[in-house]
Structures are given as C-alpha cells and as structure tokens.
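What follows draws every value from the coordinates through simple rules; no lab data is involved. As the structure is a computational prediction, the values presented were derived from the model and not from experiment. All Cβ positions, even for glycine, are placed from backbone atoms using ideal geometry, and neighbour counts span all protein chains on display.
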C-alpha cells in the first residue's frame, strides 16, 4: 500500500446533505448511501470543503465536484492542496452518509428500506449480474477490433482496442474479458 504524502491531512465530515429524489444505493446488504449527496467538512489544516458524491447501482461512489475554501483567509497553496487526499475525503464522506439498510422480504427479493426514510418507502436493488445497458455491445465491438488486430499480426491487440474505441487500456481489458465470457474471443491459454 503506498504511503500518503508527508503533508497529508486528516479529514472531518461535519454534515451530509442528500440531493432530494435520489434513490439510495446499497453498498452492502446492510448499508446504503444517498445516490447523490454533498459532504461538508474541514481538513486538519483548516481548509473547508464541499464534495458532491454520486453513485449509481453497480458503480463505485465518486466525487463529481469538489470545492475548497480557506476558512481563516490564509492563502490556498499547492502545498496545502496536495495534503487534501481525495480518496480519503471520499471515504470519510461515505462513512458519514452511510445508513443502515434492512431487507423487506414481504415485498419480494431485493427490496430494502433505509433507516430514517418513511416506513412506507422501500427500494429495490438491481438483479444480480446487472450490467449497464450497452456493455455487451461494446464488448462485441472490442472483439471485432481484437480479432482483426490478431489476424493482422498485431502483437498488442488490446492496445488497438483501447486506441480505436478511445478508452483506457484498463477499460479495453474489461471489454476484452467480457468478450471472452461471451465466447467472442478465444480464452487465454492456461499457464503451466
């Protein structure tokens, strides 16, 4: 695990404000967070922050907007900003926004309620194995590019997929893996 920078600051989240009309998203079977919320807090160095956190079912929470203010009027320098670790801030925001979630089996499989919501309000999780619409279409496109590159003698067909689809190499690898799951690309040979 990489060491945090020596000037890394601890983060305290003082208040969480959910965006209305956003479906809560379960992090685990027993915990959920609002689909979108703003976390307000302060760093150990006295920088106030407001972070908008957004997540969708099947995705990881992410910060989509971050504002930093100097509460004491001192300048915000590069050195001070380097001490604000976004991953640490996100983790603190999630912990502050997390609420217990309980299954509601009488409504059917996958229904749950979040503590603090009206008793007649229940939510439904996406079915297991849910994929975003279009993922398999992108995997098929990646398979076409990959197979074409291999048949053309490319020694780096995955890089060709990333370049042609204008995605990162990691995303290209995920599409290629899904294409293999769908049987569109031959499985990798077993090592050993």
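Working ranking of peptides 59-67, 183-191 by packing, defined as the average number of other Cβ atoms within 10 Å per residue, highest first, is 59-67, 183-191. Legend: calculated FRET efficiency, residue 19 to residue 44, from the Cβ-Cβ distance at R0 = 25 Å, rounded to 0.05, equals 0.35. Extending 7 Å from Cα along the Cβ direction at residue 27 and again at residue 136 yields two label points whose distance is 3.2 nm.
Across the chain the C-alpha pair distances fall into 10 Å bins from zero in the proportions 8, 24, 22, 24, 17, 4, 0 percent. Each peptide in 71-79, 167-175 receives the mean, over its residues, of other Cβ atoms within 10 Å, and ordering these scores from highest gives 167-175, 71-79.
Per residue, the chain reaches -9000 deg cm²/dmol at 222 nm when only DSSP H runs of four or more residues are counted, each adding -39500 (n - 2.57). Applying 1/(1 + (r/R0)^6) with r as the Cβ-Cβ distance of residue 117 and residue 163 and R0 = 41 angstrom yields a FRET efficiency of 0.35.
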